[in-house]
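Everything on this sheet refers to the single structure shown next.
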């Protein structure tokens with residue numbers, strides 16, 4: 001039986017990535033060109049700069065992916081490209097590249113949801129993982145609790161109403177002078193602090209709600225910093241980082257465990273950029289072990305934006321009968 005090769009293209013934000021997937025879950029290459037060093041000067045991603053850097057990076061990445069795997073354009077059976085959510089200019093670069101490849105090589109193309117890609121990242125790191133399971137997706141722009149009933153069948157149980165978990169990390173990191181990207185910096189600094197030093201709020205919303213809200217927590221941190229500054233009192237940044245992080249983690253863990261208890265499902269998979277957070281993984285595993293629940297998280301490289309997860313999601317959708325044509329558009333505000 002002939003092997004099936006999927007090329008993934010990801011340009012939703014500030015990482016340009018091209019990957020090639022062999023058959024179901026075998027990643028042959030997963031190339032990522034990061035723009036962090038460029039954007040950290042500005043304290044965050046500048047959309048116009050991101051788009052221009054994607055333009056410079058995408059074709060060389062495609063060529064290198066083929067060279068590294070020893071494959072040719074004729075060997076590629078499917079092109080899976082991120083269609084949203086993300087920055088419109090960045091998304092357009094990836095979509096344009098995918099369309100050009102598809103039309104010139106007569107290769108099927110499929111537009112893929114970036115958030116579905118994050119869920120599918122766990123299939124690449126954990127070959128035995130299969131639905132049904134609960135997925136906690138925590139990224140820079142989104143926070144979801146999802147019931148995964150089948151490989152392409154998702155039910156959103158809870159989602160963010162304002163600031164996502166990753167977004168709150170970036171804003172708090174900026175406020176205490178850590179810079180961009182905030183997630184890894186807060187995770188590192190928090191190890192030096194006391195997580196019980198400051199009693200920041202745990203926002204659970206209405207009774208039985210699985211939605212998330214981190215805007216109030218962010219505001220509480222900013223108010224604390226302002227009050228300290230006005231009184232000319234010293235601010236222990238490590239304590240702020242640790243206390244803030246513990247408040248975020250408490251909410252994510254509590255809602256995840258409650259949903260697992262309620263549904264009776266025995267598997268939890270966490271994904272997205274914040275899934276790389278050491279404290280979140282530690283707490284989730286502790287609580288899952290208490291309940292005899294299987295816990296999965298992707299390799300670090302598959303937590304952040306990458307094309308391997310887009311290839312995986314596109315492959316699953318294609319096998320389920322989904323197709324895209326040359327009129328494929330970008331969807332900056334696409335939901336899961």
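Of the residues making up the stretch 24-45, those that are over 21 Å from residue 300 (Cβ atoms) and more than 19 Å from the chain's Cα centre (by Cα) are 24, 38, 41, 42, 43. Restricting attention to the stretch 209-235, the residues being assigned to a loop (DSSP other than H, G, I, E, B) and farther than 17 Å from residue 143 by Cα number 5. Checking the structure you have, find out if any residue of the stretch 262-283 is assigned by TED's automatic domain parsing to the domain that holds residue 136, touching a residue at least 60 places away in the same chain (Cβ under 8 Å), assigned to a strand (DSSP E or B) and under 29 Å from residue 178 (Cα atoms). Looking for residues that are assigned by TED's automatic domain parsing to the domain that holds residue 136, touching a residue at least 60 places away in the same chain (Cβ under 8 Å), assigned to a strand (DSSP E or B) and under 29 Å from residue 178 (Cα atoms), one finds at least one in the stretch 262-283, hence yes.
Could you please find all residues in the stretch 14-41 being more than 29 Å from residue 75 (Cβ to Cβ) and in contact (Cβ under 8 Å) with a residue 60 or more places away in the chain?
Initially, the stretch 14-41 is screened for residues more than 29 Å from residue 75 (Cβ to Cβ), giving 14, 35-41.
Correct list: 14, 36, 39, 40.
Residue 259 meets the stated requirement of being assigned by TED's automatic domain parsing to the domain that holds residue 147, surrounded by 15 or more Cβ atoms within 10 Å (Cβ to Cβ) and touching a strand residue (DSSP E or B) at 6+ places or on another chain (Cβ under 7 Å).
Take residue 198 and decide whether it is at pLDDT 95 or above, surrounded by 18 or more Cβ atoms within 10 Å (Cβ to Cβ) and assigned to a helix (DSSP H, G or I). Against the criterion (at pLDDT 95 or above, surrounded by 18 or more Cβ atoms within 10 Å (Cβ to Cβ) and assigned to a helix (DSSP H, G or I)), residue 198 does not qualify. Report yes if some residue within the stretch 98-107 is closer than 22 Å to residue 301 by Cα and at pLDDT 95 or above; otherwise report no. So far as the stretch 98-107 goes, no, none of its residues is closer than 22 Å to residue 301 by Cα and at pLDDT 95 or above. Remark: pairs (first residue in the stretch 209-225, over 30 Å from residue 262 (Cβ atoms); second residue surrounded by fewer than 17 Cβ atoms within 10 Å (Cβ to Cβ); Cβ separation under 8 Å; 6+ apart in sequence or on different chains) = 225/235. For the stretch 29-43, which positions are surrounded by 17 or more Cβ atoms within 10 Å (Cβ to Cβ) and not in a helix (DSSP H, G or I)? Those that are surrounded by 17 or more Cβ atoms within 10 Å (Cβ to Cβ) and not in a helix (DSSP H, G or I): 29, 30, 31, 32, 33, 35.
Against the test of being outside the structural domain of residue 48 (by TED's automatic domain parsing), more than 16 Å from the chain's Cα centre (by Cα) and either at negative phi or modelled with pLDDT of 95 or more (or both), the options 163, 153, 77, 170 yield a single qualifying residue, 153.
Name the residue, out of 274, 270, that is modelled with pLDDT under 95 and under 21 Å from the mean Cα position of the chain (by Cα).
On the way: 270 fails: modelled with pLDDT under 95.
So the residue among 274, 270 that is modelled with pLDDT under 95 and under 21 Å from the mean Cα position of the chain (by Cα) is 274.
Out of the residues in the stretch 57-83 that are touching a strand residue (DSSP E or B) at 6+ places or on another chain (Cβ under 6 Å) and farther than 19 Å from residue 5 by Cβ, which is surrounded by the most Cβ atoms within 10 Å (Cβ to Cβ)? That would be 83. Just one residue in the set 12, 80, 90 is closer than 30 Å to residue 178 by Cα, in contact with a helix residue (DSSP H, G or I) (Cβ under 6 Å, 6 or more places away or on another chain) and not in a loop (DSSP other than H, G, I, E, B); that residue is 90.
Restricting attention to the stretch 286-320, the residues that are more than 16 Å from the chain's Cα centre (by Cα), surrounded by fewer than 18 Cβ atoms within 10 Å (Cβ to Cβ) and under 26 Å from residue 11 (Cβ atoms) total 2.
Does the stretch 52-69 include one or more residues that are at pLDDT 95 or above, more than 27 Å from residue 176 (Cα to Cα) and part of a strand (DSSP E or B)? No: zero hits.
Considering each of 114, 54, 118, 142 in turn, give the residue that is more than 14 Å from residue 10 (Cβ to Cβ) and in contact with a strand residue (DSSP E or B) (Cβ under 8 Å, 6 or more places away or on another chain). Can you show your working first?
Details: 114 fails: more than 14 Å from residue 10 (Cβ to Cβ); 54 fails: more than 14 Å from residue 10 (Cβ to Cβ); 118 fails: more than 14 Å from residue 10 (Cβ to Cβ).
So the residue among 114, 54, 118, 142 that is more than 14 Å from residue 10 (Cβ to Cβ) and in contact with a strand residue (DSSP E or B) (Cβ under 8 Å, 6 or more places away or on another chain) is 142.
Here the condition is being over 18 Å from the mean Cα position of the chain (by Cα), farther than 30 Å from residue 111 by Cα and not in a loop (DSSP other than H, G, I, E, B); of 189, 205, it holds for 189 alone.
Confirm whether residue 326 is within 25 Å of residue 23 (Cα to Cα), modelled with pLDDT of 95 or more and in contact with a helix residue (DSSP H, G or I) (Cβ under 9 Å, 6 or more places away or on another chain). Here the answer is no, as residue 326 does not meet what is asked.
The values are calculated or read from the model by the stated rules, or taken from the named source; none is laboratory data. Computed from a predicted model, the values in this text were never measured in an experiment. Here the Cβ is made from the backbone with ideal geometry for all residues, glycine too, and neighbour counts use every protein chain on show.
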